[in-house]
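Only one structure is covered here, and it is reproduced in the block below.
Throughout, read-outs are computed from the coordinates displayed, never taken from laboratory work. Being a predicted model, the structure only gives us computed values, none of them experimental. Backbone-built Cβ (ideal geometry, glycine too); neighbour counts: all protein chains shown.
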Amino acid sequence: MTNSYSAALLILLGLFLAGGVISFAKQNMSKGIVTLLGLCSVMALAAGVMRWK
């Protein structure tokens with residue numbers, strides 16, 4: 001796997017937030033909240049992938 005636990009943690013956080021985006025979108029929550037949560041998810045996933053060694 002990886003020796004970088006922070007990378008794995010960031011990827012898991014990004015996936016968790018992506019699940020929240022899907023859930024909030026199905027509940028017809030505010031578009032601003034869904035967009036913000038989606039951006040946070042993408043940033044967490046990108047940071048995790050960049051730290052992956």
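Are there any pairs, at least 6 apart or on different chains, whose C-beta atoms fall under 8 Å, with the first in the stretch 20-33 and closer than 17 Å to residue 44 by Cβ and the second assigned to a helix (DSSP H, G or I) and small (Gly, Ala, Ser), and if so, which? These pairs meet every condition: 20/41; 21/38; 21/41.
Of all residues in the stretch 1-21, those being surrounded by fewer than 13 Cβ atoms within 10 Å (Cβ to Cβ) and either of a type in the set (Ser, Thr, Tyr) or assigned to a helix (DSSP H, G or I) (or both) number 5.
If the condition is being surrounded by 14 or more Cβ atoms within 10 Å (Cβ to Cβ) and assigned to a helix (DSSP H, G or I), then the stretch 23-35 contributes 24, 25, 34.
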